[in-house]
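Asks: My questions all concern the structure below.
The values are calculated or read from the model by the stated rules, or taken from the named source; none is laboratory data. The structure displayed is predicted, hence computed values, not measured ones. Quick reminder, even Gly has a Cβ in these numbers, built from the backbone with ideal geometry, and neighbours come from all protein chains shown. Quick note on the areas: whole protein, heavy atoms, side chains included, nothing else; ligands and nucleic acids left out. Shrake-Rupley method; radii C 1.70, N 1.55, O 1.52, S 1.80 Å.
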Amino acid sequence: MRQHTIRKAISLEGVGLHSGKIVRVTLSPGPTDSGIVFRVGDRGEAIPAIPESVVDSHYATTIGRNGSRIQTIEHLMAAAAGLGIDNLDVRVDGTELPAADGSAKPFVQAMLTAGRTPQGARQRPIRIPHPIGAGGDGRWIQIVPADTFRISYTLDNEHPAIGTQVLSWTPTEESFVAEYAPARTYGFLKDLGFLRKSGRALGGSLDNTIVIGKSATLNGLRYRDEFVRHKVLDLIGDLALLGRPVVGHVTAHNAGHDLNYQLVVAIQRAVGLERRPVGAALRVARGEPVRTEAFLPSPGLAVT
C-alpha cells in the first residue's frame, strides 16, 4: 500500500481542553517519509510525532523539543491513522490542539474535506515478533503476533454510568469513521476542581467532554459503550507514534496514555527500529531521562 498525504491545506480553530485558550491548527501536505510533524507557529522548530518526542503522557499525549510543547495530539493522530494518512505538516497557533467536540470526528472531517492523495513510497508494516506488554495489577496492555491488526479492550470502572465495557475490533476505515472517531473524551465532575487547580481541564465543558456526575452522565452518549470506544480511539492515536502500520493483536485492560506509550517504546525496542538524532534530551511519562535520538519517521499507522 502507498503512503498518503492530504491534497490541500485546511485549518481548524477551537478551545484547548486543558489550556482553555483559543487555538488554531493548520494541516498541510507532508512529503514522503516525513511522518506527522508538528510546529508551534509558522517558524517553530519541527517536532516529529515519534516516541522520543513524548514529554508527558498523563491525561493526554504531549510532545516537545527544546522547550516547545504541543499537548493533546492523540485525536489528530488517531484521525490520520484511521484514514491512512501517513505524512502531514501540522502548524499549531498555541501549545495545544483544539478540543473540538472531544473526539477525533472533526479532524476526520477536515482531512476528508482536504482530500487524500497517494505518494511514491510504500508503507512498511511492523510485524510483531513475540508478545510484548506493559503494566500489571489490573492495568495492563500487550500485543501478540497476528495476521491482521486487531484491538480487544476491557474497561472496568465501579461507577454505575460506566461499569464493565468490552469490545474486540478489527479496524477498517469505514468502521473507524462511523463507530470510533466520534467517541468523546470523558471525565468525572468530582475531579474537576483538582484538575483545574493543577492547570488541566481549563477548557473542559459539556460541549467537548462527557461529564460523569454522582450517578449518571450530565450529557447524552453517542454510543452505549462510548467510554471504551474512546479508550480505543486514544490507543490508535498513541500507536501512531510508531510511524508505521502495526500488524498484531492488542489486548488491554484499563490502560491509558501512559501504558499506551510504554507499549510503543517496548515495541520499538523489540523490533529494533532505525534511529537518528533529534536534539536535546526529553523527559518521558515517568520522569526518567531518555537518549537524544529518535526513530526515523515513516508511514503512519493505517487501520484499513
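Asks: Hey, rough spin-label estimate for residue 112 and residue 222, points 7 angstrom out along Cα→Cβ, what's it come to in nanometres?
Replies: The modelled label-to-label distance comes out at 1.1 nm.
Asks: A further question on this structure: Run the quick spin-label model on residue 156 and residue 196: label points 7 Å from Cα toward the beta carbon, then report their separation in nm to one decimal.
Replies: 3.4
Asks: Amide H neighbours of residue 61 under 5 Å, at least 5 residues apart or on other chains, H built in the peptide plane: list them.
Replies: For residue 61, whose amide H was placed from the backbone, the distant partners under 5 Å are 72, 73, 74.
Asks: Determine ³J(HN,Hα), in whole Hz, for all residues of the range 128-144 in sequence, where each value follows from phi through the Karplus function 6.51 cos²θ - 1.76 cosθ + 1.60 and θ = phi - 60°; x replaces Gly and Pro.
Replies: Result, rounded to whole Hz: 6, x, 6, x, 9, x, 8, x, x, 6, x, 10, 7, 8, 8, 9, 10.
Asks: What would the Debye equation give as log₁₀ I(q)/I(0) for the range 105-176 at q = 0.20, 0.26 Å⁻¹, counting only Cα atoms as equal point scatterers?
Replies: -1.11, -1.21
Asks: Could you compute the longest span of the chain free of GluC sites (Glu not before Pro) located in DSSP loops and having at most 15 other Cβ atoms within 10 Å, not counting the site residues?
Replies: The answer is 159-273.
Asks: Would you kindly state how much longer the chain becomes between residue 1 and residue 168 on full extension, computed as 0.36 nm times their sequence separation minus their alpha carbon distance, in nm to one decimal?
Replies: The span from residue 1 to residue 168 would gain 57.6 nm if fully extended.
Asks: Another question, then. For the range 1-74, rounded, prolate or oblate, judged on the Cα gyration tensor with a ≥ b ≥ c (square roots of eigenvalues), a/c < 1.5 rounded, else prolate if a/b > b/c?
Replies: In terms of gyration-tensor shape, oblate.
Asks: Along Cα→Cβ, 7 Å out, is where each label goes; now give me the distance between the ones at residue 148 and residue 13 in nm to one decimal.
Replies: 4.3
Asks: May I ask you to work out the translational diffusion coefficient for the range 232-271 at 20 °C, viscosity 1.002 mPa s, via Stokes-Einstein with Rh from the Kirkwood sum over Cα pairs, reported in whole µm²/s?
Replies: 206
Asks: From the P(r) of the range 176-217, could you give the percentage of C-alpha pairs in the tail past 11 Å?
Replies: Across the range 176-217, Cα pairs with separations above 11 Å total 67 percent.
Asks: Could I ask something else about it? Please report, as a whole percent, how much of the solvent-accessible surface of the chain comes from carbon and sulfur atoms (probe radius 1.4 Å).
Replies: Here it works out to 50 percent.
Asks: Run the dipole for the chain about the Cα centre, Lys and Arg Cβ at +1, Asp and Glu Cβ at -1, nothing else charged, and hand back the magnitude in debye, nearest 20.
Replies: 380
Asks: With every protein chain present, what is the per residue accessible area of the range 1-133 (1.4 Å probe, Å²)?
Replies: Dividing the accessible area of the range 1-133 by its residue count gives 38 Å².
Asks: Same structure, new question: Dipole of the chain (Lys/Arg Cβ +1, Asp/Glu Cβ -1, origin at the Cα centre): which of 51, 108, 136 lies farthest to the positive side?
Replies: Of the options given, the answer is 51.
Asks: Further question on the same structure: The chain: percent of C-alpha pairs farther apart than 25 Å?
Replies: It works out to 44 percent of all Cα pairs.
Asks: Shifting gears a bit: Compute the Rg to Rh ratio over the range 201-243 from the alpha carbon atoms, using the Kirkwood formula for Rh, and round to two decimal places.
Replies: Reported Rg/Rh (Cα atoms, Kirkwood Rh): 1.07.
Asks: So what's the gap between the Cα centers of the range 155-195 and the range 92-146, to the nearest angstrom?
Replies: Using only Cα atoms to place each centre, the spacing works out to 16 Å.
Asks: Distance between the C-alpha centers of the range 199-249 and the range 1-38? Whole Å please.
Replies: Going from one Cα centre to the other spans 20 Å.
Asks: How much length, in nm to one decimal, is gained on full extension between residue 122 and residue 69, taken as 0.36 nm per residue of separation minus their Cα-Cα distance?
Replies: Between residue 122 and residue 69, full extension yields 16.0 nm more.
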